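Any read-out appearing in this document is the output of simple, stated calculations on the displayed coordinates, not a laboratory observation. Since the model is a prediction, treat every value here as computed from it, not as a measurement. No Cβ is skipped: glycine too gets one built from the backbone with ideal geometry, and neighbour counts run over all protein chains shown.
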Amino acid sequence: MKKINFGLMLFGLTLFIVSCGSSGPTTKDDLKQLKLYDSYAFLPNKDTIMSPDYNNNEIQNIIIQTINANMKEEGYNLEKLQPDVLVHVHTMFDDKAAINADPVYTNYPYYRPGYYVGPYYKDFIYDNYFTIQRINGPRVKQIPYRERSIVIDLIDRRTNEILWRGSTTEAIEVKRLNREIRENIDRIFREFP
């Protein structure tokens, strides 16, 4: 009887200790999960380029085209209705001294059906983008604002957690802006797991 009670007590203690561990997914879990996904769509961003020095629509078009090419190369298919992964892009081209690309986003002012979203998203936006109210990524650090830089987040549509974040390491040169944007996004995706 003592052996049974001791065994039950030891089993109960083991269960208690195991349950005290972290229940959140690890970065490795997120990366494994990314390999299981096969569809994506875009979340519209609120990072409209206000500076008259840049053509917002042209830059956003190039960014989306280049990300689409890279996602296809990684084996993802565009699925606007129920994508596995949501792609959110931060375009930081205005001259600001602030912190952007925070790992936690809150409601966007246009998150309701029918509200204007840039034309560059027309064919690539998640159909129910307005239902995504909060995105978090506890393991993703904040990126200081750097003019002419791009940050790309891949988000689990079901949990609203950032699974992967890639960013440019240097300011994008303005001499051959279109080419530079493409090359920098390709460089970001070379770091893709």
Selection from the stretch 51-87 of residues outside any loop (DSSP other than H, G, I, E, B), loosely packed, with under 14 Cβ neighbours inside 10 Å and among the charged types (D, E, K, R) yields K72, E73
Filtering the stretch 150-193 down to residues that are farther than 15 Å from A69 by Cβ, in contact (Cβ under 8 Å) with a residue 12 or more places away in the chain and part of a helix (DSSP H, G or I) yields L177
Taking the stretch 153-182 and keeping only residues that are under 21 Å from E73 (Cβ atoms) and exposed (fewer than 15 other Cβ atoms within 10 Å of the Cβ), one is left with T169, N178, R179
